[in-house]
Amino acid sequence: MKKVFLVCLLFLAFQRALACEVCGCSSGNYFISPFPQFKNYFLGTRYAFRSFSTTLASDPGQYSKDFYQTVEVWGGVNLGTKWQILGFFPYSINRQHSDDGLQKTSGPGDITFIGNYNLIRTKNNAGLNHRLWIGAGVKLATGKYAVDPDAVNASANNQPGTGSTDFIANTMYSLLINRWSVNASANYKVNGSAEGFRFGNRLAISAFGYRAIPKGFATLNPSAGLLFEKLGQNKLDGVSVEDTGGYALLAAAGLDTNFKRVTVGFNVQLPLSQNYSAGQTITKVRGLVHVTYTF
């Protein structure tokens, strides 16, 4: 009887840990949005939030509702006409409410730098202007990362940082025809490992269309677009973690208002199709607000 009781306890403990392993999809609260068009420099701040809800398929009584927020300072500089450097300095605020209780973490996130090269640049008198940038970057392990050594899988999702140095391949395309414009970007992030845990690699693609509408001393730029993200499976000590990773396709709509050198904007993102954690994790509404100064 003692052996049976011990086996039951171990089984229940495993199920409890598994419930937390499929939570989140935060991976350092990474998010994408269109980059501003700027002549020399830009500096801004933006706020983004993402929400997820997880219910364990084998036991609906085990659940997690996660809310991730990021306040970020970001900026960029053009080095001549061919080179560009971008920097991202986030602060994360995470909230995880599960059947185990409420957990909150906050702190500096992982700093990211990206360098881009202007591969194509065309402008003519008919009002057509398009550019293609390609580049690469690095995400440094500067963020707060304090996982439970006895439950690395369970606690890694709720950290402001990932504890690892990651590498990014990046491309951006912009097309401007009179008052219409299209901005598209794609990047692929190869994640490193920390304390034996590694988030799955991430592919992120976005495309937005804009229409410039002059209104007195300001210009309104309503936008609509699509975002797609795909996450590989997480790994612990080199072994894939079951029921992690997935994908989501989201529709986005927003508005940017330009006041000469200052731009204020927002967008809201709603899922169209998704499959995270073998259907156990659902992403809900996401949002982004930003203020940017170009000079």
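The values are calculated or read from the model by the stated rules, or taken from the named source; none is laboratory data. Since we're looking at a predicted model, the values are computed, not measured. Neighbour counts are summed over all protein chains in view; Cβ atoms, including those assigned to glycine, are modelled from backbone coordinates with ideal geometry.
Does any residue of the stretch 117-129 turn out to be touching a His at 6+ places or on another chain (Cβ under 6 Å) and closer than 27 Å to N40 by Cβ? If you could, list the steps in order and put the result at the bottom.
Pass one, the stretch 117-129, residues touching a His at 6+ places or on another chain (Cβ under 6 Å): 122.
Imposing the further condition that a residue be closer than 27 Å to N40 by Cβ reduces the set to 122.
Yes, there is a match, as at least one residue in the stretch 117-129 is touching a His at 6+ places or on another chain (Cβ under 6 Å) and closer than 27 Å to N40 by Cβ.
Could you please find all residues in the stretch 136-173 being charged (D, E, K, R), buried (at least 22 other Cβ atoms within 10 Å of the Cβ) and closer than 16 Å to S92 by Cα? Even if it seems obvious, please write down each step before you answer.
Kept after step one, since they are charged (D, E, K, R), are these residues of the stretch 136-173: 139, 144, 148, 150, 166.
Going one step further and asking which of them are buried (at least 22 other Cβ atoms within 10 Å of the Cβ), we end up with 139, 166.
If the condition is that a residue be charged (D, E, K, R), buried (at least 22 other Cβ atoms within 10 Å of the Cβ) and closer than 16 Å to S92 by Cα, then K139 is the only one that fits.
Does F67 count as of a type outside the set (G, A, S), within 24 Å of A156 (Cα to Cα) and without any contact (Cβ under 8 Å) to a residue 60 or more places away in the chain?
Yes, satisfied.
Please determine, by comparing only the residues of the stretch 156-193 that are of a type in the set (S, T, Y) and without any contact (Cβ under 8 Å) to a residue 60 or more places away in the chain, which one is nearest to V138 (Cα to Cα).
The extreme case among them is T165.
Tell me whether the stretch 234-256 contains one or more residues that are of a type in the set (K, R) and either surrounded by 15 or more Cβ atoms within 10 Å (Cβ to Cβ) or touching a Lys or Arg at 6+ places or on another chain (Cβ under 9 Å) (or both).
Yes: one or more hits.
Scan the stretch 27-47 and tell me whether some residue there is among the polar types (S, T, N, Q), surrounded by fewer than 16 Cβ atoms within 10 Å (Cβ to Cβ), farther than 30 Å from T292 by Cα and modelled with pLDDT of 50 or more.
No, the stretch 27-47 contains no residue that is among the polar types (S, T, N, Q), surrounded by fewer than 16 Cβ atoms within 10 Å (Cβ to Cβ), farther than 30 Å from T292 by Cα and modelled with pLDDT of 50 or more.
Looking only at the stretch 81-101, decide whether some residue is crowded, with 16+ Cβ neighbours inside 10 Å and farther than 22 Å from A146 by Cβ.
Checked the stretch 81-101: at least one residue is crowded, with 16+ Cβ neighbours inside 10 Å and farther than 22 Å from A146 by Cβ.
Limited to the stretch 265-288, what total is found for residues that are outside any strand (DSSP E or B) and either closer than 12 Å to F49 by Cβ or small (G, A, S) (or both)?
Adding up the residues that qualify gives 5.
For the stretch 95-134, which positions are touching a residue at least 24 places away in the same chain (Cβ under 8 Å), among the polar types (S, T, N, Q) and more than 23 Å from T162 (Cα to Cα)?
Correct list: N116, N118, N129.
For the condition on the phi > 0 side of the Ramachandran plot, modelled with pLDDT under 95 and either more than 14 Å from the chain's Cα centre (by Cα) or not aliphatic (A, V, I, L, M) (or both), what is the one hit in G232, G200, G238?
The match here is G238.
Hey, among the residues in the stretch 39-96 that are small (G, A, S) and over 21 Å from the mean Cα position of the chain (by Cα), which one's nearest to I120 (Cα to Cα)?
Across the stretch 39-96, the extreme among qualifying residues is G80.
Is it the case, given these coordinates, that L203 is farther than 25 Å from W133 by Cβ and in a strand (DSSP E or B)?
Here the answer is no, as L203 does not meet what is asked.
Could you please find all residues in the stretch 241-265 being under 23 Å from V289 (Cβ atoms), out of contact with any Phe, Trp or Tyr (no Cβ under 9 Å at 6 or more places or on another chain) and either at pLDDT below 95 or not small (G, A, S) (or both)?
Matches in the stretch 241-265: T257, N258, V264, G265.
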